[in-house]
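The values are calculated or read from the model by the stated rules, or taken from the named source; none is laboratory data. Everything numeric here is computed off the predicted structure, so don't read it as measured data. A quick note on method: Cβ atoms are made from the backbone with ideal geometry, for glycine too, and the neighbour counts reach across all protein chains shown. Side chains included, ligands, DNA and RNA excluded: accessible areas come from the protein's heavy atoms. Shrake-Rupley method; radii C 1.70, N 1.55, O 1.52, S 1.80 Å.
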Amino acid sequence: MGTSIAQEFYKLRESWEEIDKDPSWRLAVWVAEYADVDIIDKFIEIERSPLGVFEDIFFKFESSYQGDGVLFEKSLWQEFISWFEPAGTPEMDIHKALYENGLMSAAFVPDTTLAPTAKNLWSELLRLKALIKDNSAQLHFCLYFPIVAYNPYPIAEWFSSVVGAVPSGIRLLTMDFAQDRKIKLSVPAGKKSPYVYLSCKLDMAGAIRNEMSKDSGNYDTVDLHARFRQQVIKLMDSTTHRVNNTSLKEIKKLFKITKEIGNSSSHISALLIAAQACYAIKEDKKSEQYTDQALAQAGMAMQNNEPTGYPVWKSCMLLKAAILYGRKERTQALALYTEMADTATAHADAYYIMEGRRLAGHIYYELGKEEQAFQNMLLALAAGAYLEIALRRQSTFLHAAYMALYLCVETRSPGAVQELRLQLEEWLGEDWESLLDQSGLSAAATKMKTSLFT
């Protein structure tokens with residue numbers, strides 16, 4: 001039996017258990033493979049919740065280190081103070097609930113007159129900890145600092161400056177990428193290390209694949225739809241093999257199952273999946289052939305108001321445009337992105353309106369048409385504004401924002417630039433500038449990527 005997500009999760013729990021009873025460390029660094037970051041973060045999130053199994057109480061700080069320790073500690077302090085501001089709805093006021101349910105001996109009021117330093121943050125946290133009735137010697141406040149991708153300012157600098165003064169009862173926790181280690185703190189000879197490094201051999205790709213296969217049954221099952229799902233998994237897995245690649249054979253098997261199912265929905269889906277698989281193994285001609293077939297049939301399905309039509313059609317349009325762009329046929333790719341945005345508008349699909357306009361804007365920029373590029377980036381932002389702010393802060397909305405600002409500086413007055421800056425603050429939050437910096441956009445945003453997933 002293959003590995004499961006649950007098994008991988010319990011490996012993390014076992015790794016934490018090994019260091020949990022050691023009172024000597026002050027900073028734990030989880031050295032993670034890229035594929036493992038998400039499940040480690042989920043493990044920590046569960047420990048922050050009532051479902052956590054360890055005695056420590058976990059807190060998460062969202063502030064991002066930007067190279068200035070004083071400003072970072074001020075941001076941490078403000079974040080800490082905000083935890084105790086009255087919630088909009090009483091049932092969401094966790095601090096009040098803890099006190100009213102008898103878990104704290106008194107309500108906690110942070111001392112806002114203190115200077116916003118790490119030393120005072122530790123002191124206030126320990127004062128809060130002392131109010132918890134079940135405050136055993138084994139209980140720690142574990143402060144989690146999530147990993148920030150593309151941040152040019154290694155937080156190791158700050159950890160090194162404060163870890164020696166972290167008092168008993170407080171622990172710090174973060175992650176570091178195994179392939180690009182930034183946190184390698186040393187200890188003078190003869191001194192006990194305040195650091196622990198955690199690493200755990202996980203197979204998340206295999207676990208996810210097994211979870212996807214779980215409900216698909218045996219390949220020989222009479223359930224055609226289960227066989228279809230299983231074959232899709234097998235086909236996409238085959239695209240990762242560089243030697244003795246069997247993807248073209250797996251595509252034929254997929255079409256055979258589709259023919260047995262006998263409906264247009266599965267056939268259109270199979271054409272798209274085949275196109276994506278061929279694109280992944282660089283069989284561009286075959287990918288384009290399957291894409292054209294899928295586009296034609298998806299277009300007919302859209303006219304007939306079939307539910308499969310539009311979702312497949314927009315994915316095919318992205319793939320077809322990526323193929324054309326890869327062949328340097330920019331004008332043809334531009335026409336497809338524009339058509340995709342127009343059709344997405346008719347379907348009130350904010351995300352794909354944003355993507356169509358953003359990608360069209362990039363091509364206009366490469367063609368030297370900055371005015372059209374700027375207008376499309378603004379249209380992309382206007383569409384993206386309909387998305388939840390959490391999605392805007394984690395999606396290609398950031399690329400559109402960077403390009404719009406870049407082009408605004410190039411083509412508009414200082415007053416127009418300031419107006420756009422204020423609008424970006426409204427759409428992304430007060431930290432929008434650091435958010436764009438952290439995303440590593442300055443070096444890459446003005447260049448198009450030929451990937452299907454741009």
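Key figures
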{"read-out": "Backbone N under 13 Å from the I81 label point (7 Å along Cα→Cβ), restricted to the stretch 111-152", "value": "111-117, 121"}
{"read-out": "Degrees, to the nearest 10: 309-326 long Cα axis against longest axis of the chain", "value": "90 degrees"}
{"read-out": "Largest-first ordering by accessible area, 1.4 Å probe, given options K119, K129", "value": "K119, K129"}
{"read-out": "Area accessible to solvent at T112, 1.4 Å probe radius, in Å²", "value": "90 Å²"}
{"read-out": "Amide N of the stretch 116-131 lying under 17 Å from the label point, which is placed 7 angstrom from the Cα of K74 along Cα→Cβ", "value": "116-121"}
{"read-out": "Unit Cα scatterers, Debye sum, the chain: log10 I(q)/I(0) for q = 0.07, 0.11, 0.13 Å⁻¹", "value": "-0.50, -1.10, -1.28"}
{"read-out": "Extended-chain gain in nm, criterion 0.36 nm per residue less alpha-carbon gap, L139 and E260", "value": "37.5 nm"}
{"read-out": "Label-point separation in nm, N244 to R327, each point 7 Å along Cα→Cβ", "value": "3.4 nm"}
{"read-out": "Label-to-label distance, nm, for residues given as K252 and T113 (7 Å Cα→Cβ offset)", "value": "8.3 nm"}
{"read-out": "Among 331-339, 264-272, the order from most to least packed when residues are scored by Cβ within 10 Å on average", "value": "264-272, 331-339"}
{"read-out": "Cα centroid separation - the stretch 403-431 against the stretch 142-173, whole Å", "value": "33 Å"}
{"read-out": "Solvent-accessible surface ranking, highest first, for E73, E370, E85 at 1.4 angstrom", "value": "E85, E370, E73"}
{"read-out": "Computed over the stretch 340-446: relative contact order in percent, which uses C-alpha pairs under 8 Å that are six or more apart", "value": "22 percent"}
{"read-out": "C-alpha long axis of helix 264-280 to longest principal axis of the chain, angle in °", "value": "70 degrees"}
{"read-out": "Rounded to the nearest 10 Å², the accessible area of L318 at probe 1.4 Å", "value": "20 Å²"}
{"read-out": "T240 - accessible surface, heavy atoms, 1.4 Å probe, Å² rounded to 10", "value": "90 Å²"}
{"read-out": "Diffusion constant of the stretch 283-439 at 10 °C, which comes from Stokes-Einstein with the Kirkwood Cα-pair radius and 1.306 mPa s, µm²/s", "value": "97 µm²/s"}
{"read-out": "Sites L367 and Q289 - FRET efficiency at Förster radius 41 Å, r taken between beta-carbons, to 0.05", "value": "0.90"}
{"read-out": "Links that overshoot a 25 Å alpha carbon limit, given the list K74/K133; K11/K234; K234/K285; K133/K192; K320/K369", "value": "K74/K133; K11/K234; K133/K192"}
{"read-out": "Virtual spin-label span in nm between A390 and S199, 7 Å along Cα→Cβ", "value": "3.3 nm"}
{"read-out": "Amide H contacts under 5 Å for W30, placed H, 5+ residues apart", "value": "T174, M175, D176, L198"}
{"read-out": "Helix-only CD estimate at 222 nm, as mean residue ellipticity for the chain, using -39500 (n - 2.57) per DSSP H run (n ≥ 4)", "value": "-18000 deg cm²/dmol"}
{"read-out": "Of all accessible heavy-atom area on the chain, the percent that carbon and sulfur account for (1.4 Å)", "value": "53 percent"}
{"read-out": "Contact order relative to length of the chain, as percent, for alpha carbon pairs under 8 angstrom and 6 or more apart", "value": "13 percent"}
{"read-out": "Angle in degrees between helix 350-366 and the longest Cα principal axis of the chain, rounded to the nearest 10", "value": "80 degrees"}
{"read-out": "Distant-in-sequence amide H partners of L143 (H built 1.01 Å from N, under 5 Å)", "value": "F59, R171, L172, L173"}
{"read-out": "FRET efficiency estimate (nearest 0.05) - Cβ-Cβ, V417 to A6, R0 51 angstrom", "value": "0.50"}
{"read-out": "Net length gained if the chain between K184 and E430 were fully extended (0.36 nm per residue, minus Cα distance)", "value": "85.4 nm"}
{"read-out": "Residue-normalised accessible area of the stretch 340-446, given per residue in Å² at a 1.4 Å probe", "value": "46 Å²"}
